[in-house]
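Undergrad: Pasting in a structure now, in structure tokens, and then I'll have a few things to ask.
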Amino acid sequence: MRELVQRLAKDAGRPYSEVAERVNRDVKAGKSLAASVQTIAKKYGLRPSDYRFDSKKIAARIKSILCADYSQTLMISAVLAQMVESNGPNRLSPPAFFAFMEFLSETTATARRNKTEPPTHVEESTMKIIELTTSLVSVICKWSKTGISGVADDCPEELVSIAKTVVRKTKLYQAGMWTCLSCGRIVALRKTRALLCPECDARLSQDIPRPASTSTKRERHRVGYGRSLPGEKID
């Protein structure tokens, strides 16, 4: 996304910050990212067709990052889960999070590999995933003043299922409902904890190993969507 907006700003002879601010205003007003970019291009006498997002390339890039290092992917998932629950300025858009979850579920065991050394570019990869999923949702979904309204007419066939899932889950979210990340059951959003339904959260909390030398329970620290590491306290 950044590269396309930078190119648009350069071709229009305008500062990048000015064009980026205009795009942000349009998106907050309910216009899709792609529509905003093309509207700005037309305003400055440029051909809108020269400034299109390639949704298939965006999807391929997301898959590439998630399959590169599964340890890193778990860390990214933990950060995004916290961001989508946040009410602060760094809150992640739920539709982008729903798209991320679809790609995460497609990351097969054969594509996963854990490196012996800790990941070193987690923050950079996390920001890239946020940018890519936000851009993808803007392109493959249809938008209106009230937000996502359906699947985009030009959404590639291989991405239609992801777009439909994003649309469905976004509408559920707008109605105060949430799909549990563990069991997939639909529950009231206000009843969730760590993005899980009460039953899955309770089951995870009870799944606590007991050391042979002591009867004290050891807590488990979630590091991403139902996965946890034993022996670490919950922050």
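Undergrad: Might you let me know whether the range 53-68 holds any residue that is surrounded by fewer than 18 Cβ atoms within 10 Å (Cβ to Cβ), in a helix (DSSP H, G or I) and hydroxyl-bearing (Ser, Thr, Tyr)?
TA: yes
Undergrad: In the range 12-56, how many are within 28 Å of Leu92 (Cβ to Cβ), touching a residue at least 24 places away in the same chain (Cβ under 8 Å) and not hydrophobic (A, V, I, L, M, F, W, C)? Let's see the steps before the verdict.
TA: Here is the first cut: in the range 12-56, the ones within 28 Å of Leu92 (Cβ to Cβ) are 15-41, 51-56.
Keeping just the survivors that are touching a residue at least 24 places away in the same chain (Cβ under 8 Å) gives 27, 29-35, 37, 40-41, 51, 53, 55-56.
Of the ones still in play, those that are also not hydrophobic (A, V, I, L, M, F, W, C) are 30-32, 51, 55-56.
Residues that pass the stated criteria total 6.
Undergrad: When residues of the range 188-209 are filtered for being at negative phi, in contact with a helix residue (DSSP H, G or I) (Cβ under 9 Å, 6 or more places away or on another chain) and surrounded by 19 or more Cβ atoms within 10 Å (Cβ to Cβ), how many remain?
TA: So in the range 188-209, the residues at negative phi come out as 188-193, 196-209.
Imposing the further condition that a residue be in contact with a helix residue (DSSP H, G or I) (Cβ under 9 Å, 6 or more places away or on another chain) reduces the set to 189, 191-193, 196-198.
Next, only the ones that are surrounded by 19 or more Cβ atoms within 10 Å (Cβ to Cβ) stay: 192, 196-197.
The number of residues fulfilling the criteria is 3.
Undergrad: If you go through the range 185-205 one residue at a time, how many are farther than 26 Å from Thr146 by Cβ and at pLDDT 90 or above?
TA: Of all residues in the range 185-205, those farther than 26 Å from Thr146 by Cβ come to 185, 193-194, 196-205.
Filter once more, keeping what is at pLDDT 90 or above: 185, 196-200.
Count: 6.
Undergrad: Ok, one more. Can you confirm whether Tyr16 is over 19 Å from Asp154 (Cα atoms) and over 17 Å from the mean Cα position of the chain (by Cα)? Steps first, answer last, please.
TA: Numbers: over 19 Å from Asp154 (Cα atoms): yes; over 17 Å from the mean Cα position of the chain (by Cα): yes.
Considered against the rule, which asks whether it is over 19 Å from Asp154 (Cα atoms) and over 17 Å from the mean Cα position of the chain (by Cα), Tyr16 comes out as yes.
The values are calculated or read from the model by the stated rules, or taken from the named source; none is laboratory data. Everything numeric in this text was worked out from a predicted model, so none of it was measured. Every residue, glycine as well, gets a Cβ built from its backbone with ideal geometry; the counts of neighbours run over all protein chains shown.
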